[in-house]
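Peer 1: Supplied in structure tokens, the structure appears directly below.
The values are calculated or read from the model by the stated rules, or taken from the named source; none is laboratory data. Keep in mind the model is a prediction, meaning the values are calculated, not measured. All Cβ positions, even for glycine, are placed from backbone atoms using ideal geometry, and neighbour counts span all protein chains on display. Surface accessibility is based on the protein's heavy atoms, side chains included, excluding ligands, DNA and RNA. Shrake-Rupley method; radii C 1.70, N 1.55, O 1.52, S 1.80 Å.
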Amino acid sequence: MKRITILIADDDAEIADLVGLHLEKEGYHPVKVTDGRAAVQAVQSQHIDLAVLDIMMPGLDGHEVTRQIREQHRLPIIFLSAKTSDLDKITGLVIGADDYMTKPFNPMELVARVNAQLRRSMQLNQPQAEQKAVLEAGGLMIDPDRRTVTVFGNNVELTPKEFDILYLLASYPKKVFSAEQLFQQVWGETYYESGNTVMVHIRTLRKKLGEEQNKNKWIKTIWGVGYTFNG
């Protein structure tokens, strides 16, 4: 598993140590420096996944460090500064920071913001997925890339979860999915007696597809087992 390295640039050693301690508990590898020039050198000499920068540092301030980093790198940058005015925050974000926290700060909130910025960065840097095939069955058309659904040429407005349920079922016609399987794959969470949640979404989905008004029954209930796509 790739080690995630986080740069901490702050001339206050106690703050740097505190931030580093909490990041280590989260499984990250902290690299601590005490001035702006060392921060720039660290980014240039090794792979840094995210930087936590103070603004008022000797050598180069956080603004200049950010400018130099942004010339060649796209890593997330979080300012951690005693400068608390709205103008200071706006300036930091305009210069190129992705987030801004003021001192004094809650270390756990900083860790949460680090996690959020890393997730966002990883999603943006993922290679573009291959185009998925459009699914068709008896007048129903599902376009997974555009996330659109039409029934006999008429657009059907679905919520994200409704679309995900329909696309999952249609991707595996005749396969029976239990409510537990649907919940875990669509919601991405552990199943805790959430069958009613799935049932309500299936009921609404059927109504939107107009199954009551036409002969096509795309979603079939297998009583006592689950649901399947009757394509």
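Peer 1: Under the condition of being open to solvent by less than 50 Å² (accessible area, probe 1.4 Å) and part of a loop (DSSP other than H, G, I, E, B), which residue from the stretch 205-217 is modelled with the highest pLDDT?
Peer 2: Filtering the stretch 205-217 for residues open to solvent by less than 50 Å² (accessible area, probe 1.4 Å) gives 205, 209-211, 214, 216.
Restricting the remaining residues to those that are part of a loop (DSSP other than H, G, I, E, B) gives 210-211, 214, 216.
Values: Gly210: 86, Glu211: 74, Asn214: 58, Asn216: 63.
Among them, the one singled out is Gly210.
Peer 1: Looking at the stretch 1-30, which of its residues are in contact with a helix residue (DSSP H, G or I) (Cβ under 6 Å, 6 or more places away or on another chain), open to solvent by 10 Å² or more (accessible area, probe 1.4 Å) and part of a strand (DSSP E or B)?
Peer 2: Passing the criteria: only Pro30.
Peer 1: Restricting the stretch 138-163 to residues that are more than 23 Å from Lys174 (Cβ to Cβ) and open to solvent by less than 70 Å² (accessible area, probe 1.4 Å), which is modelled with the highest pLDDT? Even if it seems obvious, please write down each step before you answer.
Peer 2: Step one: list which residues in the stretch 138-163 are more than 23 Å from Lys174 (Cβ to Cβ), which gives 145-148, 153-155, 157, 159-160.
Next, only the ones that are open to solvent by less than 70 Å² (accessible area, probe 1.4 Å) stay: 148, 153, 159.
Details: Thr148: 93, Gly153: 90, Thr159: 90.
Looking at residues that are more than 23 Å from Lys174 (Cβ to Cβ) and open to solvent by less than 70 Å² (accessible area, probe 1.4 Å), I get Thr148.
Peer 1: If you check every pair at least six apart or on different chains, which have Cβ atoms under 8 Å apart with a residue in the stretch 39-52 that is under 20 Å from Arg113 (Cβ atoms) first and a residue that is of a type in the set (Ser, Thr, Tyr) second?
Peer 2: So the pair list comes out as Ile48/Thr5; Asp49/Thr5; Asp49/Ser121; Leu50/Ser121.
Peer 1: Give the residues of the stretch 1-41 that are touching a Pro at 6+ places or on another chain (Cβ under 8 Å), charged (D, E, K, R) and farther than 18 Å from Gln68 by Cα, sorted by residue number.
Peer 2: Asp11, Glu24
Peer 1: Can you confirm whether the stretch 155-163 contains a residue that is touching a residue at least 24 places away in the same chain (Cβ under 8 Å), under 13 Å from Ile219 (Cα atoms) and out of contact with any Leu (no Cβ under 7 Å at 6 or more places or on another chain)?
Peer 2: Checked the stretch 155-163: no residue is touching a residue at least 24 places away in the same chain (Cβ under 8 Å), under 13 Å from Ile219 (Cα atoms) and out of contact with any Leu (no Cβ under 7 Å at 6 or more places or on another chain).
Peer 1: All but one of (1) among the basic types (Lys, Arg); (2) out of contact with any helix residue (DSSP H, G or I) (no Cβ under 9 Å at 6 or more places or on another chain); (3) over 18 Å from Pro30 (Cα atoms) hold for Arg113; state the number of the condition that does not hold.
Peer 2: The number of the failed condition is (3).
Peer 1: Need pairs with beta-carbon distance below 7 Å; first residue free of Cβ contacts under 8 Å to residues at least 24 places away in the same chain and within 20 Å of Val134 (Cα to Cα) and within the stretch 166-188, second open to solvent by 50 Å² or more (accessible area, probe 1.4 Å) and part of a helix (DSSP H, G or I); sequence gap 6+ or separate chains.
Peer 2: Sorted first by the residue in the stretch 166-188, then by its partner, the pairs are Leu168/Gln185.
Peer 1: Counting only residues that are at pLDDT 85 or above and part of a loop (DSSP other than H, G, I, E, B), which one in the stretch 175-204 is farthest from Pro144 (Cα to Cα)?
Peer 2: Ser178
Peer 1: Separate question: For the stretch 29-38, which residues satisfy the criterion of being within 20 Å of Asp12 (Cβ to Cβ) and either touching a residue at least 60 places away in the same chain (Cβ under 8 Å) or not hydroxyl-bearing (Ser, Thr, Tyr) (or both)?
Peer 2: Within the stretch 29-38, the first condition is being within 20 Å of Asp12 (Cβ to Cβ), and the residues that meet it are 30-38.
Pro30, Val31, Lys32, Val33, Asp35, Gly36, Arg37, Ala38 - these are the residues of the stretch 29-38 that are within 20 Å of Asp12 (Cβ to Cβ) and either touching a residue at least 60 places away in the same chain (Cβ under 8 Å) or not hydroxyl-bearing (Ser, Thr, Tyr) (or both).
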